[in-house]
Structure formats: structure tokens, C-alpha cells
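Values quoted throughout were computed directly from the atomic coordinates according to the rules given, and no laboratory measurement underlies them. Worth saying up front: this structure is predicted, and the values here are computed from it rather than measured. Cβ atoms come from the backbone with ideal geometry, glycine included; neighbour counts cover every protein chain shown.
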Amino acid sequence: MLLTVNQPAPAQDTDRRRIFAAPYCELTEEALLRHFQTRTAIQYFPVPDAVETARPKIDGMLQNQFEFNGECHRLPSPILWLDNPSQDREWLILLHKFYYSVGLGMAYHETNESDYAEKWVELTKSWLQTVPNDFLPSDVAGRRIQNWIFAQHYFVSTRQPSCVTPDFYLAFLESLHNQISYLRDHLTPTRNHRTLELCAIFLASVVFPEFADAAEWLTSSRDELVKNIQSDLLPDGIHCEQSTDYHHLVLKNYLWIRKLALLNRIEMPGEFDALVKKALEFSLYSHRPDGAIPSLSDGDSRCFLDLLQQGYELYGGEDLLYVASRGMQGHPPAERSKGFDAGGYYILRSGWGDRDESYEDERHLIFDCGPLGAGNHGHLDLLSFEASAYGKPLIVDPGRYTYDESGPVNWRAMFRGTAYHNTVLVDKRNQTSYEWRKGRFRISGPEPERELAAFASQPGLDYLHGIARSHEYPVIHERKVVFVNGEYWVIVDLLKAQEPHEYDLLFHLSPQAQGRIWVGSSHDTLSIHSPQLILAHPFVPNLQPSIEEGFVSLSYGEKHRAPIVRLNQRNLCACFLTVLYPYRDDTPTISIDMPESQEGLQGFLSAEPAMARIAIVRDGRQVHDELLLTGQVVPDGGGAEALATGHLRVSRTDQHNRLLFQYQV
């Protein structure tokens, strides 16, 4: 697919006085290369992308075999840079971001094989002779500038391969200067793209003080980075786009910029550090015990524990070290569960592996009661959640899969829609109007009104109560999450309306559950068995359960089959009460009983107290848990920061009716 541009490839500028400060503008090509090969005053370091610099990918590129997002193409030599062999524009974007130039440098550094250096020169020379500055968006230029500078660390600063000739290196520097100058005039106005663009300019100003504009680049990029972090991070440190993945990518940029400034004795304002620390705190809590983050809104599910390690090295903090090392070093965070009110993410944990269980075995749930998010990365997922236990994700967010909207199935729209999240789907409609306009699906209506009615965390009991009011249908959805004794969750969904609607409660299971689901029942309870998880729900007259085929995407361009549990009711108002019971070894038995006096689940829809009794048989022991929900809501103005009182009581008795514990919030 050919993409058109507005101008031909620019001719190389030969006026070195415009590019280099004195005395460097007077040096010969040979002297200039020798200077950059031998200087020692500048301290910098590469920041490779682990996926895009993997050695198999890099070795394939020696034969012009390029693989991005799981899609491989053999490109001609020389490469036709303005052509896209893929239907997905993201493929072409990755080609032009040049992550692989860092991978070529790493391979050359490790093997000293000249093929890697020669390929870097070939690709870089071909690109700068062909591609105009205005080809593709500014963020692509920002990432390419960073990767070119990281690559030169291997090919110029630490080694001197013979293929890096004086004339090539001068053309390389001239192109870098031109790209940076263009980027400064075409910065993205806001958010994560602007961040990486400013990071590129900051990096260039530090690594190339020989450039005539370097001092001005440094001052302006530092000032703008401070403004950008203040506008892009919410007061609790969560990135405004509401994506767990993009939060960490932005944090990664800020951390290496802070380290670069420290190495070169460049002062950064205190407010910059304060916000980075807040962003690190969200990273600390959002990481699951297995070391990965959930892929909430656009992004991948992957590990960013190295960022916590970097945070510890920059700022200290034994809790950062503890989570970075997954409990092997440092000290656990003071709080077990944590709420981030501005971003609307709430994390419930059973512990930090510092008591009776290992770090990996702890239970972890993250709940979304936040805004859709700035930009175009938010998913239609209000009141959705992810849950993991015993080292495994169990209830998962399916991810993003792709940004491409071509083809017979619009996978982008599917993965972004409400049906692809762990919440209640009303009348098969998205929570927000999401319509096809100008060649793709776009948000075309107001996002739902949201309210966090309660968040309480005490020893033995955590409680969340979120409320969603969509403008797409006249139904109020309340979700209450009860975390009992750090052991299991009870999810209570209340749907309130003035006329009948169809309600689908959805749970997306992990790919490991594919083909391993079975349904059991007793006289009072429906049980859906998945590896290391039981979903139990009391029988109600019109409940229709089903297991459907879905997909989960852990990284861009890849999707895996995974089951979806659907519990359907059609009613005026409806209540779902789902016990999510994770386990490691022996399968427990779960049954749920409702007092006859409250007419089953209907009692939870009133303002009166409602009760559920849960019987658990596990490891040869039987216990009975009694949940009493009062139906109360925090008064308006009470705020999410204050602990709710009088919402919930949980008590446990053994088979001899002896009280084992009682908790209340």
C-alpha cells in the first residue's frame, strides 16, 4: 500500500555552520568522526525495546526479512520506504521507528560481526536519502531520533566499524539535525506522543552539545517536559489516557530522561520528581503478583518491574525494590489495597507474600471506576475488573489486539466495545455511543456518569461499590465487590430500570481455560469450573448461562482463543451475585443459599439489608460464610477517600457453628 507525501525527499544541507557550533563547524569529515568516536565527557545509554531488538528478528533483517506485530515481509533492496506491504499502518510505523537499529547495535556489540554494522549503515543511508521529514506523524520521528542516537552508542561511541565512514556519519548527523529541527516545529500538542517527542529533543541536546542549537533545545525541552508531566498525569499519578500500558510507556520515558539528566548534572525541578514518584506508586500496585500488568484500555499485558527497579535506584523506596524483586528484597508496601481516586482504579490484594503465602500466590483484583480517558485509547469498560490468583490471571481484560479497522471483522471495534470486558452488557449496547464515521469507529456520545459510592479496606475485608449511568439506555448499573478474608471475591451486580431490558453479565477467562471449562449444578447453585477458579451463582428462574468463544490479546497483533462466561437475564430490574473462588490445588465445592424471606436475589435490589450464605468445602473442611449487605450508599459529598461504614458484615462459622471471624465495614 503506497502512502503519499507532500514533498520530495530533502537534499542534504552542506552548511555546517547552521548545524554545528564552533569549532566543530570547521572540522573536516574525518576530524568530526574522530571527535565523536573519542570524546568521553557525555554520558548516555541505550534504552532498547526488548521485543523489537530480539536477536531472531535482527538476524532476519540481515536478509531483509522484517517482522513487526507478528506479521513478516521480505522487503526489496533498497527498501521502498514509502510503500507499506501490510494492511496495518502500524507495521509501516514500526519500520520507520527504527527500533531494530538498536538491536543491530546490540548484536554487533555482542558478536563483533561486521554484518550488523553494515546493515545499520545500509538501512540508515537508504532512509535518509529517501524519506522526507513530513512522512508519518511527529511521534514516529521522535521515536526514530531516539533509536538512531541509541544505535550510534554502539556504532560510534563504543566501537568503530570500518563501514561507518566520515561521509556517512556527517550525513547521519545532518539528517538528525534536520529531523530534530522539523520535530520542534511540529510537536504533537498533548499527551504521550508529545512526551516521547520532547524526550527525543532532550536526548539530542544532551548527546550532541556540538549542535549549534543544543543549548536552546535543552532549555525548551526540559521546560516543556515539566509542563507535559503536569498536564498528562492526574493528581494520583495515573496517566490521563487511562491505559495501564501507556502509563508505563510514558513512565519509562520520564525515568530514562531523569537518569540521563542526573548523569550529566542537569537539574530537574522538584515537581517533576514528585509526579514521577506518584506514577511509580500506581505501577507498584497495578502489577499483578505474576509480575505483569493487566491490559486495561489500549495496550499489552507485559512486565514493567524494571521501571520499579529504576525508580528505586533514582529515588530509593524499599517498597519499590520489594515489588521489583517480587518479594526477594526490600520491604512490602504499607498498604495492602489501594485506591487511586482521580484515575478511578482500585486494587484489592490479599497480601505481599510477607506472611503465610508466597508472593506469587497472593490474590489481586483491579477495578475500573474511572473516566474513559483523554485521547483515543480508552475502552468502553466502566465497572470492569481483572482478577488473578496463585500466579495466574483468571478473569482477564482481553486487551486491544489491533488499531487496524479493515477486513470483514472490525477487531478494533470488537476489542474496544463493552461486550469485550468484564461488566454487564445492557441490550447488547455499548456503554458509550461508538459509531462508524469517516472510515473508522469513533466515540460519538458522552461517556457514562460514574460514581464510587464506597471503598473500604480493613484486615480481612475489602469492599467496593461503583455506579454507572449510561446515556445509551435508561438503566443504572451498581456493582459491589466484596473481598472476603483475602480468599475470594463476591461480585454483586444490580440493574435498575423502569421497563424490561436484556442483561448479560460477562466474564472473560484466560486462554489457559480454553477447552477446560465444565458446568456443574446442585439444587441451589450453578457452578462453572475453570482451571484454578470456580464461578458460582445461585439459581434464579430466568438465568440463562452459556459458554462462548472469545479471544484474548496479550500483545499487539496476536490473539488467542479464550472462553467467555455469559449469564443472561431479561427483566425489569435484575441482580447477579457471583462468587469467584480461586484455588491452587484441590477443587473446592461452593454453594450459595438465599433466605426465603428476601425472595432470592430480589432482596438485594431494595434499600433493606440483604443476605447471602456461602458454603465452602475445601481440603476436607466445611465453613459457612454469611454476607449481610445493608444497601446503604455513601451520602453525596462524602467522597471516596473516607472509609464507608455500615455497608457490609461478613462472618464465618465452621461445621460446628463456631464463629471463626467476623468483619464489618
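Annotations for the structure displayed:
- If R0 is taken as 41 Å, the Cβ-Cβ distance between N264 and T130 corresponds to a FRET efficiency of 0.75.
- Quarter of Cα convex hull surface for segment 35-187, i.e. mean projection, nm²: 8.8 nm²
- Ranked by the mean number of other Cβ atoms within 10 Å per residue, highest first, peptides 535-545, 562-572 order as 562-572, 535-545.
- Per-residue Karplus couplings for segment 328-335, computed as 6.51 cos²θ - 1.76 cosθ + 1.60 with θ equal to phi - 60°, are listed in order as 8, 9, x, 10, x, x, 5, 9 Hz, Gly and Pro entered as x.
- Which of H624, S243, L308, positive extreme of dipole for the chain (C-beta unit charges): S243
- Translational diffusion of segment 379-585 was estimated from the Stokes-Einstein equation, with Rh taken as the Kirkwood radius over Cα pairs; at 37 °C and 0.692 mPa s the coefficient is 184 µm²/s.
- For Cα Rg over 2.2 N^0.38 Å, the candidate list reads (i) 1.20; (ii) 1.06; (iii) 1.13; the entry that matches the value derived from this model is (ii).
- Loop-located chymotrypsin sites (Phe, Trp or Tyr not before Pro) in segment 469-499 (DSSP state not H, G, I, E or B) with no more than 14 neighbouring Cβ atoms inside 10 Å do not occur.
- A Förster radius of 60 Å combined with the Cβ-Cβ distance from R39 to I547 puts the calculated FRET efficiency at roughly 0.40.
- Separation in nanometres of the label points that stand 7 Å from Cα toward Cβ, at R355 and N178: 6.4 nm
- Cα gyration tensor, segment 540-587 - rounded (a/c under 1.5), prolate or oblate: oblate
- Too-long pairs where the Cα-Cα distance tops 30 Å, listed order kept, from K392/K496; K97/K227; K259/K338; K227/K338; K252/K438: K392/K496; K252/K438
- Centroid-to-centroid, using Cα positions, segment 552-593 and segment 147-191 are 50 Å apart.
- Phi to ³J(HN,Hα) by Karplus 6.51 cos²θ - 1.76 cosθ + 1.60 over segment 428-436, Hz, x for Gly, Pro: 6, 9, 5, 5, 10, 4, 9, 10, 6
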